């Protein structure tokens, strides 16, 4: 049985680091939000840097942005950080935390699917092995027929193709001209 490695694209330590960096970006944005014009421009630039930071960080961790939830989460955080005074909100912390939860949920669902599939595969393989064993047992039971004289000694049916080296009537090694080891075709 093959072991599958569980998917964990964002371990707890990395998630903690991501949220810590998001808090730093949000604190910078909050501090600059109340400085007119220059603070707003710098806060917007920090929002762009934060977006690129998390976009690359998630991509390096194997998270793709092909789902609408992920695009919406990062897009909302980015847009809130671009608007003056709204960038005082902890948008990066919230969007990063939600993104981590979405990714962990996907990983958990993927891991459950893998283990269910593995269990189903194991059950299917077990059933196939049992069916092969039953077929072999049935073939072994049907492969012997009484010999032509009708006595209790039995000769394998496949003796027509591969004659046995042991004469079951004699209980010794059969000679090459011994005709008792063959079954006559009916």
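A few points about this structure:
- Residue that is modelled with pLDDT of 85 or more and assigned to a helix (DSSP H, G or I), where the choices are 121, 107: 107
- Among (1) part of a loop (DSSP other than H, G, I, E, B); (2) loosely packed, with under 15 Cβ neighbours inside 10 Å, the one test that residue 69 misses: (1)
- Region 1-30: number of residues that are touching a helix residue (DSSP H, G or I) at 6+ places or on another chain (Cβ under 8 Å) and assigned to a helix (DSSP H, G or I): 11
The values are calculated or read from the model by the stated rules, or taken from the named source; none is laboratory data. Since this is a predicted model, take the numbers as computed values, not measurements. All Cβ positions, glycine included, derive from the backbone under ideal geometry; neighbour counts span all protein chains shown.
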